[in-house]
Amino acid sequence: MKRLSGWGRYPQIEAHERRSEDLARICEGVVLTRGLGRSYGDASLPPAGGHTVAASPLADRILEYSPASGVLRAEAGLSLEALNRSFLPRGCVVPVSPGTQHVTLGGMVAADVHGKNHHVDGCFGEHVRRLVMLMPDGRILEVSENHERELFHATLGGMGLTGHILEVEFRMKPVPSPWIRTETEPIADLEALAPRLSKAGETWPYTVAWVDCLGRGASYGRSVLIKGRWADGGDLPGRTPQPTIPRRRPRPLRLRAWFVRLFNALHHWRHKARRSALESPYEFFYPLDGVRNWNRFYGKRGFTQYQCVLPEETALPRFFELLRRERIRPFLCVVKDCGAQGRGMLSFPRPGVTVALDLPMHGTIQREVDLMNERVIEEGGRIYLAKDALTRAEHFRAMEPRLDAWSRVRLKWDPERTLRSAQSVRLLGDPA
Ligand SMILES: Cc1cc2nc3c(=O)[nH]c(=O)nc-3n(C[C@H](O)[C@H](O)[C@H](O)COP(=O)(O)OP(=O)(O)OC[C@H]3O[C@@H](n4cnc5c(N)ncnc54)[C@H](O)[C@@H]3O)c2cc1C
């Protein structure tokens, strides 16, 4: 038995974990498959009660790659980090990158991850051509747009509840160089944030804003808008960028609001004028990967990341007003633009603006999540399951009119709900 948790280290559940290069073999009889455990909450955890899960990272072979078409087929445990290491020097990247490269292909499909380019490239699932899955009844199926289409769509963003993903086939994206050209600019107030983000998205494929939610008075809500694109042209370094090696283990020190406030002030001072730079994609896409085990800075109780999408730009200042009024103080806050909804029946993104907040676990966290969820429901938005640990079943149902259609597909393939997670017990009423 071992204590498993997601990246937020809350909750922690005692379970058995199987690991092998033969993923299909270890998936038999388990309640869930997980990847590198980078979802924040309880999506990758089994229900409490000593269940067994399969962990995919040893099943990490590239099975086929065509340089001509860019189509790559690999085992589900292959990490984005391994793909970057092999393909970036060859002028190719995975078309959608989340904010860490320590994720597996299976996890990227199951959460249907999005990146800073959602407004142009959609979720990872939009680039997936085919999956090989082990179904709860033991059958191995190929699923795609042409074969078991419904199951394919239910699996993109289906949080591992529709079957075990064994293989993923998708198309890599050619890039003109391995470097990113960036531009950053300050935004003084929250009213301007969403319009500036969407304006930037008209000409930049990668956009994101870091918002200061700990600043006092007029500093509250000041943001840095970051824009990027793959660099081309002649003045580029002749070397391939290397990932930042996280050197120091975090000390047992706990992150405090005053420290983050100071960090934010420095960050905004550095970006008080528009700046252009050439950056390594590792720094641009995965800034937090440079700090080893940064999730431990939140102390033993851990933290939660709350992420929602709000359909209307005008909802953003209202949402921040709620945070301010209710004294909800995220240490980190990131805002991104979302483009069109994709194929995944339960995938998170929809047109609008998404807000992600890191909140340390504390006595009133449930109340804070409830308040934010009530607001999200009023605004017609929804939350991201890959981050969630605290949403109530009735709130999830109220924000997910797609749930019944997705559940019908899930139950068709797994009527007994043998595949389940701590999250599906909490949100969908699955048997523990
Ligand atoms: C620092 C950081 C930044 C992040 N930024 C983003 C971001 O920008 N955008 C974004 O979308 N997400 C982001 N995430 C979330 C992360 O991308 C997703 O949670 C992703 O699913 C994690 O992949 P994993 O391999 O660790 O999967 P896990 O966390 O282990 O599992 C996630 C889900 O996938 C299922 N799963 C995993 N493998 C399989 C399989 N082989 N078969 C069936 N189901 C499977 C699990 O059951 C679980 O439901 C971020 C996470 C971190 C820690």
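Quick note: the coordinates plus some simple rules give every number you see, no bench work behind them. Bear in mind the structure is a predicted one, so any value in this text is a computation, not a measurement. Positions of Cβ are backbone-derived with ideal geometry, glycine not excepted, and every protein chain shown enters the neighbour counts.
Each of Tyr286, Tyr306 has some number of other Cβ atoms within 10 Å of its Cβ, and from fewest to most they run Tyr286, Tyr306. Annotation note: GluC sites (Glu not before Pro) in segment 130-205 located in DSSP loop regions with a Cβ neighbour count of at most 16 within 10 Å are Glu145, Glu202. With the simple model of a label 7 Å out from the Cα in the direction of the Cβ, Met1 to Phe263 spans 3.5 nm. Computed on the Cα atoms alone, the convex hull of the chain gives a volume of 137 cubic angstrom per residue.
The translational diffusion coefficient of segment 159-287, from Stokes-Einstein at 25 °C and 0.890 mPa s with a Kirkwood hydrodynamic radius over alpha carbon pairs, comes to 139 µm²/s. In this structure, the amide hydrogen of Leu156, modeled 1.01 Å from its nitrogen in the peptide plane, lies closer than 5 angstrom to those of Met345, counting only residues at least 5 positions away or on a different chain.
Here the peptides 423-429, 45-51 are ranked by packing, the mean other Cβ count within 10 Å, and the order with the highest first is 423-429, 45-51.
Coordinate range of the alpha-carbon atoms in segment 180-396 per principal axis, descending: 55, 42, 38 Å. Note on segment 339-395: the alpha carbon radius of gyration divided by the globular reference 2.2 N^0.38 Å gives 1.20. Once you sort the root eigenvalues of the Cα gyration tensor of segment 382-432 as a ≥ b ≥ c, which label holds: rounded (a/c under 1.5), prolate (a/b larger than b/c) or oblate (the other case)? Oblate is the answer for segment 382-432, as a/c is 1.5 or above yet b/c matches or exceeds a/b.
Considered as an equivalent ellipsoid built on the Cα gyration tensor, segment 62-175 has semi-axes of 22, 15, 13 Å, the largest given first. Segment 111-157 and segment 353-421 have their alpha-carbon centroids 20 Å apart. With 0.36 nm allotted per residue and the present C-alpha distance subtracted, the Arg402-Thr314 stretch has 29.2 nm of extension available.
Between amide H atoms placed 1.01 Å from N, distances below 5 Å from Gly352 occur with Cys338, all of them 5 or more places distant or on a separate chain.
Ordered by the count of other Cβ atoms within 10 Å of each Cβ, fewest first, Lys300, Lys2, Lys387 give Lys2, Lys300, Lys387.
Normalised by 2.2 N^0.38 Å, where N is the number of residues, the C-alpha radius of gyration of segment 94-159 stands at 1.14.
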